[in-house]
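Structure first, then comments.
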Amino acid sequence: MSSLSTAVRRTTLYGILAAGALLSVAPYLLTLNGALKRPADLLSTDAWIPAHPATFANFTAVWNQYGMSSFLLHTLSVAVLVTIGQVVFSALAAYALARMEFPGRDWLFWGYLATMMVPQMITLVPLFLMMRELGLVDTYAGLILPTLFGTPYGVFLVRQHFRTIPHDLEAAARIDGANTWTILVRIMLPLSRPILATLAIITFVNTWNNLIWPLIITNSDRTRVITVGISALQGEHVSDLPHIVLAGAALALLPLIAVFLLFQRHIVRSIALTGLK
Amino acid sequence: MSASSRRVLAATATSALLLCLTTACGSSGSDTSSGGTVTLRYAIWDAVQEPALQKSVAVFEKQHPKIKVKIELNAWAQYWSKLQTQMAGRTAPDVFWDHVAYFPQFSQQNVLADLTPYIKADKLDTSIYDPKLLTGWQQDGKQYGLPKDWDTIAQVYNKTMLEKAGLTQDELGGLSWNTTDGGSFVKALQKLTVDDNGKHPNEPGFDSKHVKQYGLALGSANGQTDWWDAAVQNGCKLQDKAWGKWTINQPSCVKAIQFVQDLRLKYHVAVPASVTNTPNGASLPQVMARKQAAVVWDGSWDLNAYQSSMKGNFGVAELPSGPAGKGTVYNGLSNALYAGSKHPKEAWELVKWLGSQESQKIIVSQGSVWPGIPTLNKDYVAVWQKRGVDVSAFSKEAEGTTVGYPLTTSSATYNVKVQDAFNQVWLGQQSPKAAADSVNEESNAAIK
């Protein structure tokens, strides 16, 4: 009796899990499937009908004719630079806000954190005007600067983690003659690897997927990133190039998967850590 | 770093930034003029038209060695938000595509340059344009753009399905409808509508829940490709005058809306709204490619989409006539000159070139849009003739009774209100009168 109810419970549980997995994975599979279809089949068959015959022509077209190779390269360099910047500056700011004593520290922190509540759309035009005054419209600096020095989210994430590291560790290091810089680099950062990896991957993915800021700040193919490149292919009423859009989207997905596979061990660990608290 | 040196650094950085902000340091990244060469920025939203425009621009650059043109492509969905942000930052492109839905707002905000002085100075012959197109870009005697192209709505049909039903293109284009029994238009659509058992809607035993193929598919976010056209055919005016008030709740309009609803809910000859309602429903070319419908009402801008999915197995017939005769929505785009351009003279040269016979001939050869100059219409027909499709129905309609895309400062409000209300009408959840009344009132309240 009890083994039967366990079986029923298991089946229900796995059923729900499978449905959840299907819902999250299906859009990606459908994109990939659509990208492999011939243009004529794309509109005439339902999305879940397998691509048959499958073709790579869409990928070669998107790569060669529509400049996606250079857009990918632009996106990659922007995302890597922003990620490095965010990890470095978030760690510095987080340490100051978590451990250093100075007047108004908590006010500063909560004030900075509060800017997270302001939607991006509100600051879009003022930010654009600032960049214009600095002469950074349509430049890589204009793309990178606004998020290079960290975001409230990143600082918050790392600060909260720093606060879980025992004070005694630091005190011990100080007795051994370590200064603040040494403590940060030799003690705090090595202990925070999972959280820094999480920050890195979140930043990378966000930067990679960001559409609205690159759209506003860049104008030419020289600085164009992949999201803007793909969205530009959509028409007013209906895209005449749906096969190209899908192939572009599938192509843009690959680097993200690579980054995730590279960092996933750390992410799983950071989640496990937060669970231990 | 000592505390004092840190303070000095902070002060220097702050003052440098302030200095920048007050004196506009650095070049703005655009409008680079080096060695007398001027670079113009030209914003467009259609990737399909870009190759032809590149060709045209290349010829322009050859004729004007001191002017370079950079085409900036952004999709319709992002084009306007980007353009408006750039205008707020006073760095909008020198020349850009303008749409009637945005034109009134732009002309009010003084972001469009008046072309009249340029036209006078260059003695430009504007009679080459269709007066209906040219005047659409005027306000208070000022010309805010030169016609780039035009579009009308016609019936795109599946050749095989039409043949099977024993109909010809001429017959399809010669149909008429009325509000009592639907007229010959509904009769033809009944022939084209088949349920799973092979029965038609006018036969006993027809199963409206299991229809294999519908006669017609309609879909539009604002009415341009469905009820606006029916409205013109019923003698309805969408506005009392250009730049005036909306009048879509007068009886002639409501009856036309009712007829469009009847096609789905009473006659069962049109694809249900649950499939075609915008913005998440299937697009018209998609419905046709899946063989769910034999005929659609669609704009000439979608011809390339039908060509890529149906490969010549489609034709174009005129819209049916209604109680008041024939009629279609006639609309177009213009090339506008940005009022804040740092190189207005060179930008005008570009606008002038893009509106010229020479440039429009290059654009036409690609077959994506009808030219702004009507004498080139035959060239466009010839391009499609080569692809096996007779598209002349669009231009015949343009010469007949037409209504322009409504000119109003309330476009943004109207577009939001109409979609929700009319989606409900097509689903049978709201009466045409109630929807027309509410949209009319709310849109008129938004007129500035």
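Scanning the stretch B:138-196 for residues that are assigned to a loop (DSSP other than H, G, I, E, B), touching a strand residue (DSSP E or B) at 6+ places or on another chain (Cβ under 6 Å) and closer than 30 Å to B:Leu333 by Cα yields B:Tyr144, B:Gly145, B:Lys148, B:Thr152.
Residues of the stretch A:210-229 that are at the interface with chain B (Cβ under 8 Å from one of its Cβ atoms), open to solvent by less than 30 Å² (accessible area, probe 1.4 Å) and either in contact with a Ser or Thr (Cβ under 6 Å, 6 or more places away or on another chain) or closer than 16 Å to B:Gln84 by Cβ (or both): A:Leu215, A:Ile216, A:Asn219.
Once the stretch A:137-147 is narrowed to residues that are surrounded by 17 or more Cβ atoms within 10 Å (Cβ to Cβ), touching a residue at least 60 places away in the same chain (Cβ under 8 Å) and not in a loop (DSSP other than H, G, I, E, B), the residue that is farthest from the other protein chains (Cβ to nearest Cβ) is A:Thr147. Within the stretch A:93-105, the set of residues being open to solvent by less than 70 Å² (accessible area, probe 1.4 Å) and either touching a residue at least 40 places away in the same chain (Cβ under 8 Å) or assigned to a helix (DSSP H, G or I) (or both) comprises A:Ala93, A:Ala94, A:Tyr95, A:Ala96, A:Leu97, A:Ala98, A:Arg99, A:Arg105.
Taking first residues from the stretch B:339-351 that are without any contact (Cβ under 8 Å) to a residue 40 or more places away in the chain and partners that are in a helix (DSSP H, G or I), the Cβ contacts under 9 Å between residues at least 6 apart in sequence or on separate chains come to B:Lys345/B:Tyr118.
When the stretch B:108-132 is filtered for residues that are of a type in the set (S, T, N, Q) and either open to solvent by less than 10 Å² (accessible area, probe 1.4 Å) or touching a residue at least 60 places away in the same chain (Cβ under 8 Å) (or both), the ones remaining, listed by number, are B:Gln108, B:Asn110. The residues on offer are A:Thr203, A:Thr182, A:Thr151, A:Thr164, and the sole one that is within 18 Å of the chain's Cα centre (by Cα), more than 14 Å from chain B (Cβ to nearest Cβ) and open to solvent by 20 Å² or more (accessible area, probe 1.4 Å) is A:Thr151.
Evaluate the following for A:Leu134: is it at the interface with chain B (Cβ under 10 Å from one of its Cβ atoms) and open to solvent by 40 Å² or more (accessible area, probe 1.4 Å)? Yes. Yes or no: the stretch A:4-11 includes at least one residue that is small (Gly, Ala, Ser), within 14 Å of another protein chain (Cβ to nearest Cβ) and either without any contact (Cβ under 8 Å) to a residue 40 or more places away in the chain or part of a helix (DSSP H, G or I) (or both). No. Regarding A:Ile165, is this residue free of Cβ contacts under 8 Å to residues at least 40 places away in the same chain and β-branched (Val, Ile, Thr)? The answer is yes for A:Ile165.
Would you mind stating whether B:Thr402 is out of contact with any Asp or Glu (no Cβ under 8 Å at 6 or more places or on another chain) and within 26 Å of B:Phe259 (Cα to Cα)?
Numbers: out of contact with any Asp or Glu (no Cβ under 8 Å at 6 or more places or on another chain): yes; within 26 Å of B:Phe259 (Cα to Cα): yes.
Spelling it out, B:Thr402 is indeed out of contact with any Asp or Glu (no Cβ under 8 Å at 6 or more places or on another chain) and within 26 Å of B:Phe259 (Cα to Cα).
Scanning the stretch B:238-283 for residues that are within 14 Å of chain A (Cβ to nearest Cβ) and open to solvent by 10 Å² or more (accessible area, probe 1.4 Å) turns up B:Val275, B:Thr278, B:Pro279, B:Asn280, B:Gly281, B:Ala282, B:Ser283.
Quick one: is B:Ser220 surrounded by 24 or more Cβ atoms within 10 Å (Cβ to Cβ), part of a loop (DSSP other than H, G, I, E, B) and among the polar types (S, T, N, Q)?
Yes: the conditions hold for B:Ser220.
Suppose the filter is facing chain A (nearest Cβ under 9 Å), in a helix (DSSP H, G or I) and at pLDDT below 90; does B:Ser81 pass it? Yes.
The values are calculated or read from the model by the stated rules, or taken from the named source; none is laboratory data. Quick caveat: nothing in here was measured; it's all calculated off a predicted structure. Cβ coordinates were reconstructed from backbone atoms using ideal geometry, including for glycine residues, and neighbour counts include every protein chain displayed. With ligands, DNA and RNA removed, areas are computed over all heavy atoms of the protein, side chains included. Shrake-Rupley method; radii C 1.70, N 1.55, O 1.52, S 1.80 Å.
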